[in-house]
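Written below as structure tokens is the structure these notes are about.
The values are calculated or read from the model by the stated rules, or taken from the named source; none is laboratory data. Bear in mind that the values here come from a model prediction, so they are computed numbers and not experimental data. Cβ sites come from the backbone with ideal geometry, for glycine too, and all protein chains shown count toward neighbours. Only protein heavy atoms, including side chains, enter the accessible area calculation; ligands, DNA and RNA are left aside. Shrake-Rupley method; radii C 1.70, N 1.55, O 1.52, S 1.80 Å.
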Amino acid sequence: MSPTGAAQTSLRAPDPGTRRGVLETAGAALVLPGAVAAAAALAGLALPALALLVVAGAACLGRSWRRLPQNLPASLTLVTVALVAVAQLASVLGWRLFGSALVVRGLLALAGLALAATGFLLARAATVVDADADTRLGTRPTEPLAGRWAFVPGGVLAAYGLVYQLLPEGRRVEWFLGGDNIRHLWLAAEEGWRGNLEYAVQSSPRAWHTLLVTAWSAEGGSIDGPGLRSLVSVMSTGLWFAFAVLAVAIGVAADLTARRLGLGPRGRAFAGVLAGSATLWPTFFGNYMVLGFETAIFCAVLLAVTVVEVLQRPGSRTAVVVTAAAGVLVAHTWQLVLPAAALAVLATGWAHVRPEPRSRRRWGLLAVTYGVGVLLASPSLFAVTQRIGFDRASIQGVPAPALSGWLPFTLAGVVAVLVLRRRDPLLPVIALMSLGTTFLAVLVALHAGVPVTHYYPRKMLWQGCLLGLPLAVPMSVLTASRLRARVAGGAALRVVGGAGLAGALGLSWVFPAMAVAGPWDHVDGDTVLDAATAPQAVEARVVWLGGSPIQDTVTRVLLDFYRVSTPLDRTIQYPAPVGEECSLFAGHEPATVLSLASPAEVAARYSCVTAPVVVHP
């Protein structure tokens with residue numbers, strides 16, 4: 001009471017774990033981001049609009065501003081699964097959702113306005129609730145808060161991405177023009193042209209592409225030169241920030257693991273920042289970004305999301321829904337690693353019903369969530385089993401890079417967790433996800449009759465390594481701390497170890513600069529984009545720009561963008577000699593070449609045809 005006898009309750013800041021605190025936090029988290037997201041969507045700024053929707057969702061999932069960063073991966077998962085569901089529904093209804101920029105903008109704007117309106121109502125509700133009123137809506141006391149250092153590597157990568165937006169277009173996307181990126185671009189363009197997500201014609205899983213096509217179509221993307229430039233920009237930007245989310249998820253998972261291992265604040269900080277920074281090394285980041293393994297990267301994000309949910313809030317309704325959503329998206333991304341996602345789904349489901357095994361409400365939530373999940377995943381699963389088949393695992397694509405010492409390091413850490421922490425209710429689940437994916441890679445290689453270093457098995461080993469980082473890094477920090485306490489000369493060991501860690505962190509945070517510093521580039525971005533978007537480039541069947549064969553090949557494959565309506569009319573996907581290039585002219589008159597050379601030089605090179613037509617960029 002005040003000296004005058006007036007109550008002071010209303011002047012106190014509400015506890016974030018009380019009903020009023022939760023309502024105020026949720027309301028503030030939804031109103032401004034939702035309103036700005038709606039405005040951005042209507043203005044055609046689709047990527048910022050999607051980012052704001054993800055941010056708003058993350059704040060609500062964490063029920064606290066401090067927990068917003070560690071919930072970004074889960075929020076991205078929920079936003080993506082919602083888009084996949086709408087795109088599949090559009091296919092069932094025969095509706096070309098992506099055929100109208102205004103429609104897509106309107107849907108994103110409605111989502112933003114719905115979030116803003118919900119936030120406003122929650123904030124109004126908070127004004128009539130006593131500041132001390134407790135509720136189950138409060139942040140769960142068992143839900144840990146990840147340390148700030150766990151977000152630093154992902155933040156560093158996101159900062160690079162923001163700075164790169166200031167660069168000229170050709171320089172900014174140069175690293176993206178190569179590898180499988182240009183083939184994923186065709187898949188995205190095909191879905192955008194078709195207008196929805198279907199598997200009757202195109203059987204490749206495309207959850208990642210649906211997210212990007214939503215942004216592209218909202219920006220007015222179409223099958224023409226400007227549309228090609230727009231799609232390259234959207235996909236390169238989206239892939240960069242997706243990896244930033246992956247770095248955040250791995251860092252958070254390592255921080256939460258360190259907490260379960262009993263490490264103090266400093267140890268948890270080391271574990272979080274080291275694990276997140278490890279993802280920025282070329283083995284995980286540079287190689288896979290340049291080679292264009294987009295679905296592998298997005299699948300890693302989804303699996304990392306399930307790891308965080310298992311460690312953060314395994315028995316909650318949120319964890320049940322988020323892991324199920326991640327499982328659905330894995331089914332629409334890369335089904336070979338679906339067992340790892342399924343293990344996380346089962347773990348969170350069991351943790352949810354175990355406290356009250358006879359609760360109809362808890363079992364009902366599982367039945368509804370899993371039922372909807374199976375319904376959403378079934379089109380992709382049917383396509384992969386009936387039309388693609390397991391034999392596709394023997395296909396050799398772009399050579400996947402070796403994992404060097406990372407594989408034995410993560411395997412050792414995972415096995416150590418299984419042996420030393422086998423009684424822990426959560427850590428063995430993550431260990432089995434990592435080991436299971438690694439073991440499955442061996443089985444896939446044996447069944448397909450290919451070495452385990454082959455394309456798909458090696459990418460599965462990469463997934464297993466990433467899943468093992470949140471366990472192996474904290475175990476290493478724990479081991480190092482115990483050695484320092486027991487070994488003579490611990491102070492010297494601390495100095496040497498600190499210097500080594502500082503150097504490793506510095507290098508990992510420098511590696512993303514390679515995207516524009518030269519090592520990642522295989523083509524000249526301006527030359528390729530100018531050639532591929534030339535007014536009559538759509539007529540060309542062969543490209544000869546006078547540079548490297550890789551540059552000619554990348555430009556030629558990009559021209560398939562204009563022919564998405566005829567999926568069987570795709571060009572040779574690899575550098576081809578002149579004789580093989582001549583076969584591309586068959587059935588296409590006149591023979592058209594996209595080239596910087598003179599007509600006489602082109603005619604001399606392609607003497608297999610009469611009077612080839614030359615299109616100059």
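Need pairs with beta-carbon distance below 6 Å; first residue closer than 17 Å to Glu539 by Cβ and within the stretch 585-609, second part of a helix (DSSP H, G or I) and open to solvent by less than 30 Å² (accessible area, probe 1.4 Å); sequence gap 6+ or separate chains.
Cβ pairs passing all conditions: Ala591/Phe585; Val593/Val602; Leu594/Ala531; Leu594/Ala537; Ser595/Val602; Val609/Phe585.
For the stretch 415-448, give me each residue that is over 20 Å from Val345 (Cβ atoms), of a type in the set (Val, Ile, Thr) and surrounded by 19 or more Cβ atoms within 10 Å (Cβ to Cβ).
Of everything in the stretch 415-448, those that are over 20 Å from Val345 (Cβ atoms), of a type in the set (Val, Ile, Thr) and surrounded by 19 or more Cβ atoms within 10 Å (Cβ to Cβ) turn out to be Val417, Val444.
Among the listed residues Leu115, Leu78, which satisfies the condition of being modelled with pLDDT of 95 or more and either among the small types (Gly, Ala, Ser) or touching a Gly at 6+ places or on another chain (Cβ under 9 Å) (or both)?
Just one listed residue meets the conditions, Leu78.
Restricting attention to the stretch 96-106, report how many residues are open to solvent by 100 Å² or more (accessible area, probe 1.4 Å) and closer than 18 Å to Ala188 by Cα.
1
Restricting to the stretch 190-204, give me the number of residues that are under 9 Å from Phe98 (Cβ atoms), of a type outside the set (Phe, Trp, Tyr) and open to solvent by 20 Å² or more (accessible area, probe 1.4 Å).
The number of residues fulfilling the criteria is 1.
Among the numbered criteria (1) of a type outside the set (D, E, K, R); (2) open to solvent by 10 Å² or more (accessible area, probe 1.4 Å); (3) under 15 Å from the mean Cα position of the chain (by Cα), which one does Thr318 miss?
(3)
Look through the stretch 246-269, keep the residues that are assigned to a helix (DSSP H, G or I) and surrounded by fewer than 24 Cβ atoms within 10 Å (Cβ to Cβ), and return whichever of them is nearest to the chain's Cα centre (by Cα). Before you say what the answer is, go through the steps one by one.
So the first thing to find is which residues in the stretch 246-269 are assigned to a helix (DSSP H, G or I), and the list is 246-260, 265-269.
Narrowing the set further to residues that are surrounded by fewer than 24 Cβ atoms within 10 Å (Cβ to Cβ) leaves 259-260, 265-267, 269.
Numbers: Arg259: 26, Arg260: 26, Pro265: 29, Arg266: 29, Gly267: 28, Ala269: 24 Å.
Across the stretch 246-269, the extreme among qualifying residues is Ala269.
Can you name every residue in the stretch 538-550 that is under 32 Å from the mean Cα position of the chain (by Cα) and under 20 Å from Asp569 (Cα atoms)? Walk me through it before giving the result.
So in the stretch 538-550, the residues under 32 Å from the mean Cα position of the chain (by Cα) come out as 538, 548-550.
The answer is Val538, and nothing else.
So for the stretch 555-562 (the condition being among the acidic types (Asp, Glu), modelled with pLDDT under 90 and out of contact with any strand residue (DSSP E or B) (no Cβ under 9 Å at 6 or more places or on another chain)), does at least one residue qualify?
Scanning the stretch 555-562, I find no residue that is among the acidic types (Asp, Glu), modelled with pLDDT under 90 and out of contact with any strand residue (DSSP E or B) (no Cβ under 9 Å at 6 or more places or on another chain), so the answer is no.
Can you tell me which residue is nearest to Glu198 (Cα to Cα) among those in the stretch 336-385 that are of a type in the set (A, V, I, L, M) and surrounded by fewer than 16 Cβ atoms within 10 Å (Cβ to Cβ)?
Of the stretch 336-385, the ones of a type in the set (A, V, I, L, M) are 336-338, 340-347, 351, 353, 365-368, 372, 374-377, 381, 383-384.
Of the ones still in play, those that are also surrounded by fewer than 16 Cβ atoms within 10 Å (Cβ to Cβ) are 346, 367-368, 374-375.
Working: Leu346: 28, Ala367: 26, Val368: 24, Val374: 16, Leu375: 14 Å.
This residue is Leu375.
Mind listing just one residue for me: the one in the stretch 377-390 that is over 13 Å from Thr333 (Cα atoms) and not charged (D, E, K, R) and, of those, modelled with the highest pLDDT?
Among residues in the stretch 377-390 that are over 13 Å from Thr333 (Cα atoms) and not charged (D, E, K, R), the one modelled with the highest pLDDT is Phe382.
Kindly evaluate Arg360 against the criterion of being under 25 Å from Leu427 (Cβ atoms) and at pLDDT below 95.
no
Among the numbered conditions (1) open to solvent by 10 Å² or more (accessible area, probe 1.4 Å); (2) not in a helix (DSSP H, G or I), tell me where Phe284 comes up short.
(1)
When the residues of the stretch 220-273 are filtered to those that are of a type in the set (D, E, K, R) and in contact with a Gly (Cβ under 6 Å, 6 or more places away or on another chain), which remaining residue is nearest to His209 (Cα to Cα)?
In this case the residue turns out to be Asp255.
For the stretch 16-33, indicate whether the set of residues that are open to solvent by 60 Å² or more (accessible area, probe 1.4 Å) and at pLDDT 90 or above is non-empty. Talk me through it step by step, then tell me what you get.
In the first step, residues of the stretch 16-33 are kept if they are open to solvent by 60 Å² or more (accessible area, probe 1.4 Å); the result is 16, 19, 24, 32.
Checking which are at pLDDT 90 or above leaves us with none.
So far as the stretch 16-33 goes, no, none of its residues is open to solvent by 60 Å² or more (accessible area, probe 1.4 Å) and at pLDDT 90 or above.
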